[in-house]
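Structure, as structure tokens:
The values are calculated or read from the model by the stated rules, or taken from the named source; none is laboratory data. Note that the structure is a prediction, hence the values are computed from the model and not measured. Cβ sites come from the backbone with ideal geometry, for glycine too, and all protein chains shown count toward neighbours.
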Amino acid sequence: KVTDLTQLYAEQGWTSVLPKGLLDNLTIGGRLYAVPVNIHRANLIWYRPATLRSLGIAGPPKSWKEFLQQAATIRAKGLTPLTLGPEWTQKHLLETVLLGELGPDGYQDLWRNGTAWKRPATRAAVETYHKVLAQSDLTSSAADWQPQLDRVMAGSAVYAVMGDWAYSYLAITKKLAWNADFTVAASPGTDGVFDFLSDSFTLPVGTRHPDLARRWLIECGSVGGQDLFNPLKGSIPARTDVDAGRYTGYLASDLREWRDPHTRIVGSLAHGVVADNGWNAEIDTALELFLRDGDTTRFADSVASAYGDSR
């Protein structure tokens with residue numbers, strides 16, 4: 001069990017400096033149980049501007065329908081439209097397709113109402129996912145996520161859907177130039193939506209050193225703690241009142257969108273925000289089968305049934 005941190009939130013004033021969409025995802029039964037130290041964004045599509053120019057493509061796709069149209073042009077040039085990694089990246093892709101096709105309200109309903117998986121719109125979105133997979137290197141996907149980006153940077157693949165941790169890999173590890181060698185856009189259909197995940201800390205009931213643990217949580221939730229940690233991690237702070245000047249390159253635009261009150265915030269499936277461990281494991285099993293047989297109805301029914309079992 002973990003300790004209710006609602007009173008700590010009140011003492012530190014955190015509810016006034018964290019976006020409502022984040023607080024909603026941290027709240028269970030009106031109570032708060034975790035302190036977020038950072039934010040990552042999942043719904044991003046990475047590419048090389050030079051590759052698009054060579055293909056005569058004006059820009060990244062604004063919808064998955066447009067992606068499928070672009071894929072024909074890309075295939076004709078002998079390139080892979082979309083590159084993938086291990087199964088968690090395929091699940092990550094699933095959530096971005098669902099978000100792009102259903103919109104933030106329809107997407108969030110999937111995690112609140114098991115019958116939403118049986119709706120025609122959801123089945124159509126899963127079918128779109130199946131079509132997108134057909135334009136990927138699924139059968140020869142990489143063993144980890146970094147090789148996805150390597151294939152894009154090498155020019156053999158055009159797009160990779162990956163979270164904002166890709167920025168640190170490309171800019172710091174690979175020493176590539178932001179907006180010259182590589183750039184990024186919201187994944188198709190998700191402009192104005194922030195699909196988040198977070199490194200968050202709880203306070204277990206019965207911990208041996210509760211006072212020290214409480215001080216750690218306060219540091220994690222503070223401006224100083226988040227501004228110290230996040231530039232090194234390659235993430236942005238959960239708080240909206242931090243020093244924006246510390247965040248450069250892609251992270252600057254990431255932070256602007258996070259702080260924008262008009263941005264819709266939703267939680268990630270693949271990274272544990274919207275589904276508990278039990279339901280997530282059942283989704284993994286259903287997805288593994290779907291990746292083999294492509295049976296949209298069976299997949300949606302399996303996820304809906306697993307929702308009921310997890311309640």
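Among (1) assigned to a helix (DSSP H, G or I); (2) closer than 19 Å to residue 267 by Cβ, which single condition is residue 111 missing? Status for residue 111: all satisfied but (1). Does residue 108 fit the bill of being over 30 Å from residue 76 (Cβ atoms), in contact with a strand residue (DSSP E or B) (Cβ under 6 Å, 6 or more places away or on another chain), among the polar types (S, T, N, Q) and modelled with pLDDT of 95 or more? When the stated conditions are applied, residue 108 passes them. The residue list 260, 243, 254, 227 contains one member that is loosely packed, with under 14 Cβ neighbours inside 10 Å and closer than 22 Å to residue 26 by Cα, which is 260. Of the helices (runs of 4 or more DSSP H) contained entirely in segment 226-311, those carrying at least 2 residues that are over 24 Å from residue 182 (Cα atoms) and within 17 Å of the chain's Cα centre (by Cα) fall at 277-293.
Output yes when any residue across segment 112-126 is in contact with a Pro (Cβ under 9 Å, 6 or more places away or on another chain), of a type in the set (Gly, Ala, Ser), over 30 Å from residue 252 (Cβ atoms) and surrounded by 14 or more Cβ atoms within 10 Å (Cβ to Cβ), and no when none is.
Keep residues of segment 112-126 that are in contact with a Pro (Cβ under 9 Å, 6 or more places away or on another chain), which gives none.
Checking segment 112-126: not a single residue is in contact with a Pro (Cβ under 9 Å, 6 or more places away or on another chain), of a type in the set (Gly, Ala, Ser), over 30 Å from residue 252 (Cβ atoms) and surrounded by 14 or more Cβ atoms within 10 Å (Cβ to Cβ).
Once segment 124-175 is narrowed to residues that are of a type in the set (Ser, Thr, Tyr) and in contact with a strand residue (DSSP E or B) (Cβ under 6 Å, 6 or more places away or on another chain), the residue that is farthest from residue 187 (Cα to Cα) is 136.
The lone criterion from (1) among the charged types (D, E, K, R); (2) at pLDDT 95 or above; (3) surrounded by fewer than 20 Cβ atoms within 10 Å (Cβ to Cβ); (4) out of contact with any Leu (no Cβ under 7 Å at 6 or more places or on another chain) left unmet by residue 48 is number (3).
Okay, residues lined up against (1) under 30 Å from residue 226 (Cβ atoms); (2) in contact (Cβ under 8 Å) with a residue 60 or more places away in the chain; (3) among the hydroxyl-bearing types (Ser, Thr, Tyr):
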| site | (1), (2), (3) |
| --- | --- |
| 2 | yes, yes, no |
| 13 | yes, no, no |
| 26 | yes, yes, no |
| 36 | yes, yes, no |
| 55 | no, yes, no |
| 72 | no, no, no |
| 80 | no, yes, yes |
| 85 | yes, yes, no |
